[in-house]
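K.L.:
The structure's right below; bear with me while I get my questions together.
The values are calculated or read from the model by the stated rules, or taken from the named source; none is laboratory data. Values in this document were obtained by computation on a predicted structure and should not be read as measured data. Note that we place each Cβ from the backbone using ideal geometry, even for glycine, and neighbour counts take in every protein chain shown. All accessible areas refer to the heavy atoms of the entire protein, side chains included, with ligands and DNA or RNA removed. Shrake-Rupley method; radii C 1.70, N 1.55, O 1.52, S 1.80 Å.
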Amino acid sequence: MKRNGISTRAVLLLMAAALIVTGCGEKNTGLTVKEPVKTGAVPSAPSDSGINPNDSLYNHFILITAQAKEAREVTAFLDANLSKADKATADRMFLELEQYYDKHLPGLNANLTEITTQPGAADKLSRMGYPVDFNKIQGDESLKQWLKNQAAGKLALSDLQGDYYWKVDYAALNKAYSAYLSDDLQQYLTIRAVESDVKATSDGSISITRDELGTRLLLAENYLTRHSDALKKKDILQLYKMYLGEYIHGYRYEAVDDNSMKLLPEVKQSYERLVKEHPDSKTGVIVRAYLRVLKDNNDVIYNPGKEGESIFGDPKAGIAEFWGSLDNRVQEQFPDSLKPTKK
């Protein structure tokens with residue numbers, strides 16, 4: 001299945017702007033979905049007497065998340081009420097939504113796995129096509145409605161080598177809730193929406209252009225530097241490190257000449273463009289240092305491999321040393337991101 005959601009053009013515009021579970025109705029399908037196991041006591045309804053309206057709204061939302069069996073129950077409450085909250089309360093509610101997803105998705109995906117192992121289910125799912133259209137499922141209204149119910153909770157159905165799974169649809173969250181959140185979480189949602197729509201890597205290699213990956217690096221950098229006490233800095237720092245590693249040494253198949261072991265000119269030119277266009281960026285500092293290492297090694301990345309075993313051998317010593325230093329270089333550039341969030 002290819003990516004869901006916004007188009008490539010919309011992704012680029014978005015980046016530029018910001019640099020579960022009830023059973024399928026038990027009809028004659030043979031498909032069954034287990035109810036999720038609820039743990040912990042369900043709190044009683046909060047009393048609104050004498051408390052701030054924002055606190056009352058938040059308390060009501062916490063009750064909803066504790067009782068909800070499907071994500072759509074939680075997002076329906078947010079759809080109707082998030083606009084009534086101040087930004088600080090809206091931020092708290094959004095963070096609770098993410099925590100709900102974290103707890104909810106494992107059970108939901110276990111249900112989905114069980115469904116796909118039942119006779120005929122995988123074939124029905126394969127008929128959805130791309131973009132996913134649940135209406136293309138024929139002869140099983142229960143399955144179709146169950147899928148629609150999960151998607152209504154702002155979840156996206158994806159697949160990994162034929163295995164279906166639900167993931168958070170950050171593009172949908174961004175569209176629905178961004179306007180009510182703080183600048184911190186608005187920018188966070190932009191970053192996550194871009195990655196959710198088109199993953200930077202697939203099957204062990206970069207699935208977007210290296211220039212696009214560089215733009216994502218700068219978008220994440222902007223978040224980390226603009227919000228010194230960011231609510232989601234740990235998540236975005238981790239994403240930044242992943243992007244940087246792929247940008248610097250994601251060289252599977254398409255980046256190194258098989259004969260000379262040299263970096264292909266178009267890859268090096270991507271590095272040079274980033275440094276030229278963003279010379280004062282923290283990412284630019286790291287990439288500029290890498291260009292110096294490339295120059296010292298005449299752009300040769302690997303030693304020759306053993307004949308009959310591998311074309312490429314180990315990376316050249318200077319190259320390997322730089323790759324191994326990336327974490328330290330990131331820590332040097334983003335010291336504030338390592339400190340605990342005060343909020």
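K.L.:
Report the extension gain between E307 and D235 in nm, rounded to one decimal, defined as 0.36 nm multiplied by the number of residues separating them, less their alpha carbon distance.
P.N.:
21.7 nm
K.L.:
Label-point separation (nm) for E272 and E114, each offset 7 Å from Cα along Cα-to-Cβ?
P.N.:
In this crude spin-label approximation the distance works out to 5.9 nm.
K.L.:
Just to make sure I understand: if all protein chains stay in place, what is the order of V194, V293 by accessible area at 1.4 Å, largest first?
P.N.:
V293, V194
K.L.:
Using the Karplus curve 6.51 cos²θ - 1.76 cosθ + 1.60 with θ = phi - 60°, work out ³J(HN,Hα) for each residue of the stretch 105-117 in order, rounded to whole Hz, and write x for Gly and Pro.
P.N.:
Result, rounded to whole Hz: 5, x, x, 4, 6, 5, 4, 4, 4, 5, 4, 5, 8.
K.L.:
Share of the stretch 91-145's accessible area from carbon and sulfur, percent, 1.4 Å?
P.N.:
52
K.L.:
Based on the alpha-carbon gyration tensor of the stretch 72-136, what equivalent-ellipsoid semi-axes (square roots of 5 times the eigenvalues) come out, in whole Å, largest first?
P.N.:
33, 15, 8
K.L.:
With a 1.4 Å probe and every protein chain left in place, tell me how much accessible area I51 has, in Å² to the nearest 10.
P.N.:
60
K.L.:
Here's a follow-up. What residues have an amide H closer than 5 Å to that of Y302, excluding those fewer than 5 places away on the same chain, when H is modeled at 1.01 Å from N in the peptide plane?
P.N.:
Those qualifying (amide H under 5 Å, at least 5 residues apart or on another chain) are K316.
K.L.:
What is the spread of the Cα atoms of the stretch 130-242 along each of their three principal axes, largest first, in whole Å?
P.N.:
Extents along the principal axes: 53, 36, 19 Å.
K.L.:
Carbon and sulfur: what percent of the stretch 268-313's accessible surface (1.4 Å probe)?
P.N.:
That fraction is 46 percent.
K.L.:
Quick one: which residues, 5 or more positions from D159 or on another chain, have an amide H under 5 Å from its amide H? H modelled 1.01 Å from N in the peptide plane, none for Pro or chain starts.
P.N.:
Answer set, sorted by chain and number: Y165.
K.L.:
What is the spin-label model distance, in nm, from S207 to N54 if the labels are put 7 Å beyond Cα along the C-beta direction?
P.N.:
3.9
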